Each structure stands twice: as structure tokens, then as C-alpha cells.
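These notes are about the structure you will find just below.
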Amino acid sequence: LSRIGDVHNAYKYGNFALDIMRRMHAREKYCRIYPILFSSVFLRSNRMHSCLDTLLEANREGLKAGDVSYATLCAVLYCFIAFRCKKKLASVKKDLTDLGREAKVYRQESTWSLVYPLEQAILNLMGHAEWPSLLDGDAIPDESLERCISNAKLASSNWLLFTLYYFQMLVAYLFDDIELAIKMGEKYIDLDESLHRSHKGFVLLSELKFLYCLTSLAYARNTKEGIWEKHGHESMERVRKLAKDYPSSYQHKLLLLEAESAFNAGNKRKASEKYELAVTLSRNNEFIQDQALSCELAGKFYAKQRNEYKASHYYGKAHELYLEWGAKGKADYLRENFPF
């Protein structure tokens, strides 16, 4: 029901399934049911933040029942959502350390390897990477990202490939290597459609639609090539549907994409309105990293319009928010590369 867009009935029957499970006191089943419901169905109807405690509870109950494989999957999903929702990167990093230690004890390194790219992205953002736009460092188990990708291909591990491509795309975009971000986005598109049929990747698959749109619009602005504007608009329609299904997580993202599109089109008034709405709504929805990014992109827009007052205001606010989030590496990069 969720997949065909019937969010209302998906939510109703999902709650019905939970009610039956709780009445039967089947806590050992939490780790198998919760990942499906709280990484897809309930994300469409609840605030993303509200899914965190439930996935952690499912992890605990799964370990108690000895269902360590699904318990670890719950921990992986928890970490992906925590990265999106939590206000402090240091808190997410601690979760990764604690849950990773647990996965090692239960010999679940294969499943846990899905979060290695996330851990490295956090290190880059915090300023613990020599080359912040490259997903290379202490958290990547192989000697280089290229070797890690090659090994994942040999093992036919599409989900590990996807997380590698996504987080490399993310840090490349945030540290202004747009060409590398585009390259990673194109590699993802070549992956098997089976990714879309699994609940495991719902959060990141949705995030990638947004990130690919942002990257395409930025690349279109840099290269003046219409094909990238087209790719951006195609991705924006997917984000528009996400915003309709669960506005508390994606409406502010859609506003930011509309602002970037208006910027490219030279519609200054519309761009200004959309940037300001994106900043306000991301703050109201408590997504600090999206609020920081909205401020940063608004700063770029106003700098291009030679409005030094507003450019300085938004760049300063972005710098403040990145520091508050704990992304000191990104904050330092912003301070060093933009003269406001």
C-alpha cells in the first residue's frame, strides 16, 4: 500500500499489525517488523525523528531473542535516520561506535559494513579528513575508496555500493567538488532496480533523489548545459511527491530545490522567497543540517546578486549552524572559501 502511494491505509494497517504483535507480547518479532514499518510506512506519516527510539528498541529486543542479523539491520537503519535527525554529529558518532562494537561482538560485520561510508562522511564533516571532498580515511576498511568499490562489486554487494556512492556524493557536494558528486550520482543510477524494492534503503534512496537534484542544478549553473537542468527537474518531481507524502521531512527540501531552480532561471524574486521559506521550514522541522545548507545556498545566491548584506548574513548563519551541528570541517571550509 505504501509503495503504490496509499499512505493512509498503509498507516492504518501498519498500526493494526503492531497492535496484534503487542497483544501477543511478541517482542522477539520487533526487529523483523519495525524495520519495514519505521523505515518506510511510518516515515510517510510520522516525523522522521519519532522513528529513532522505536528502531533502537527493536535492536535491543532482537538481540535478546537471538535474532542478531535483523537486530543489526535495525541498528543500521537507526544510524542512517539519526544522521538526518540528530542535532549533534558527535552524538551520531557515539551511536556508531557503540552499535559497531556490538555488531562486532555478534559477528555481524558484513551488515554493519553498510555504515562505514556514513562514519567516514561524519569524520569528513567534523574536520578529521585530509581531503574532505573524498570519502577516504580511517572508517573505510580498504586502502582506498576505489578498492572498496571494486571489492563491493566483486561481492555483488549493491547496498554497500549504494552507500559508498551516496556518501561520496554528499561530501563531494558539500565541499564543492560538483563534478565528482555528479559522477557518483550517475554510478548510482546504473545500479540494479532491486534497490528500490527493498525497505532497507528507503531513507537513503529518498535522500539521494534530493541530493541528485541539488547536484544537477548546481552543475547546470556551472556548465550552462541544459541536460543537467532537465535531470534536476526530473528529480525535483520525485521530491515533490515525497513532500506530498510526508511534508514534515521533505517540504523544506522541495522549497530549497525550487529556490535553486529559480536561481538558475534568473527569477530573483521567486528564488529569494523560496530560500527564506526553506530556511524557516527546515528550522521549524528541526533538521539542522538542512537549515545550514539552505542558509549557505541563500548566501551564494545573494553573493551572485551583489547583495553583500544578505550574503554576509546567510553565510554567517550557515557557519554558525554547521558549528552547532558539529560539522567543524564544513564550517572551516565555508569560512576559508567565502569572503563574507
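The values are calculated or read from the model by the stated rules, or taken from the named source; none is laboratory data. Computed from a predicted model, the values in this text were never measured in an experiment. Because the Cβ atoms are built from the backbone with ideal geometry, glycine has one as well, and the counts that use them run over all protein chains shown. Accessible surface is based on the protein model in full, side chains and every heavy atom, while ligands, DNA and RNA are left aside. Shrake-Rupley method; radii C 1.70, N 1.55, O 1.52, S 1.80 Å.
Do we have LEU180 as open to solvent by 10 Å² or more (accessible area, probe 1.4 Å), touching a Lys or Arg at 6+ places or on another chain (Cβ under 7 Å), within 29 Å of TRP131 (Cα to Cα) and modelled with pLDDT of 90 or more here? Can you show your working first?
On the way: open to solvent by 10 Å² or more (accessible area, probe 1.4 Å): yes; touching a Lys or Arg at 6+ places or on another chain (Cβ under 7 Å): no; within 29 Å of TRP131 (Cα to Cα): yes; modelled with pLDDT of 90 or more: yes.
So LEU180 does not fit the description; no.
Tell me, which residue of the range 229-271 that is basic (Lys, Arg) and within 20 Å of the chain's Cα centre (by Cα) is surrounded by the fewest Cβ atoms within 10 Å (Cβ to Cβ)? Please lay out each step first, then the result.
Keep residues of the range 229-271 that are basic (Lys, Arg), which gives 230, 238, 240-241, 244, 253, 268-270.
Filter again for within 20 Å of the chain's Cα centre (by Cα), leaving 238, 240-241, 244, 253.
Values: ARG238: 16, ARG240: 16, LYS241: 12, LYS244: 14, LYS253: 29.
For the range 229-271, the residue satisfying everything is LYS241.
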Worksheet item: Any chance the range 214-232 includes a residue that's among the polar types (S, T, N, Q), touching a His at 6+ places or on another chain (Cβ under 6 Å) and under 17 Å from ASP176 (Cα atoms)?
Response: yes
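Residues of the range 84-104 being hydrophobic (A, V, I, L, M, F, W, C) and at pLDDT below 95, which ones? Reasoning before the result, please.
We begin by selecting, within the range 84-104, every residue hydrophobic (A, V, I, L, M, F, W, C); these are 85, 89-90, 92, 96, 99, 103.
Passing the criteria: only CYS85.
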Worksheet item: Within the range 124-147, restricting attention to residues that are modelled with pLDDT under 90 and part of a helix (DSSP H, G or I), which residue is least open to solvent (accessible area, probe 1.4 Å)?
Response: LEU145
Practice prompt. Could you tell me which residue of the range 40-58 is modelled with the highest pLDDT, considering only residues that are among the charged types (D, E, K, R) and out of contact with any Phe, Trp or Tyr (no Cβ under 7 Å at 6 or more places or on another chain)?
Written response: ASP53
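Would you say CYS31 is open to solvent by less than 50 Å² (accessible area, probe 1.4 Å), at pLDDT below 90, in a helix (DSSP H, G or I) and of a type outside the set (Val, Ile, Thr)? Talk me through it step by step, then tell me what you get.
On the way: open to solvent by less than 50 Å² (accessible area, probe 1.4 Å): yes; at pLDDT below 90: yes; in a helix (DSSP H, G or I): yes; of a type outside the set (Val, Ile, Thr): yes.
When the stated conditions are applied, CYS31 passes them.
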Worksheet item: Of the residues GLU225, GLU273, GLU186, GLU260, which single one is more than 30 Å from SER157 (Cα to Cα) and modelled with pLDDT under 95?
Response: GLU225
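Here's the yes/no breakdown for (1) without any contact (Cβ under 8 Å) to a residue 24 or more places away in the chain; (2) touching a Ser or Thr at 6+ places or on another chain (Cβ under 7 Å):
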| position | (1), (2) |
| --- | --- |
| GLY127 | no, no |
| GLY137 | yes, no |
| TYR166 | no, no |
| LEU180 | no, yes |
Practice prompt. Quick one: HIS231 ticks every box in (1) under 24 Å from LYS86 (Cα atoms); (2) at pLDDT 90 or above except a single one, so which number is it?
Written response: (1)
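Quick check on my filter: what residues within the range 318-338 are open to solvent by less than 70 Å² (accessible area, probe 1.4 Å) and either touching a strand residue (DSSP E or B) at 6+ places or on another chain (Cβ under 7 Å) or part of a helix (DSSP H, G or I) (or both)?
Taking the range 318-338 first, the residues open to solvent by less than 70 Å² (accessible area, probe 1.4 Å) are 318-319, 321-322, 325-327, 329-334, 338.
Within the range 318-338, ALA318, HIS319, LEU321, TYR322, TRP325, GLY329, LYS330, ALA331, ASP332, TYR333, LEU334 meet the criteria.
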Discussion item. Here is a check on your reading of the model: is GLU57 open to solvent by 10 Å² or more (accessible area, probe 1.4 Å), closer than 19 Å to GLY329 by Cα and of a type in the set (D, E, K, R)?
Written reply: no
Worksheet item: Which condition number does LEU170 fail, the rest of (1) hydrophobic (A, V, I, L, M, F, W, C); (2) modelled with pLDDT under 95; (3) within 18 Å of LEU123 (Cβ to Cβ) being met?
Response: (2)
Worksheet item: Among the numbered criteria (1) over 21 Å from GLN305 (Cα atoms); (2) surrounded by fewer than 21 Cβ atoms within 10 Å (Cβ to Cβ), which single criterion is violated by LEU281?
Response: (2)
Practice prompt. Could you check, for the range 279-298, whether at least one of its residues is assigned to a helix (DSSP H, G or I) and of a type in the set (Phe, Trp, Tyr)?
Written response: no
Worksheet item: How many of the residues making up the range 92-122 are without any contact (Cβ under 8 Å) to a residue 24 or more places away in the chain and in contact with a helix residue (DSSP H, G or I) (Cβ under 7 Å, 6 or more places away or on another chain)?
Response: 3
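Among the listed residues ALA220, ALA292, identify the single one that is buried (at least 16 other Cβ atoms within 10 Å of the Cβ), within 26 Å of ILE122 (Cα to Cα) and either under 15 Å from the mean Cα position of the chain (by Cα) or at pLDDT 95 or above (or both).
Numbers: ALA220 fails: within 26 Å of ILE122 (Cα to Cα).
Within the list ALA220, ALA292, the selection yields ALA292.
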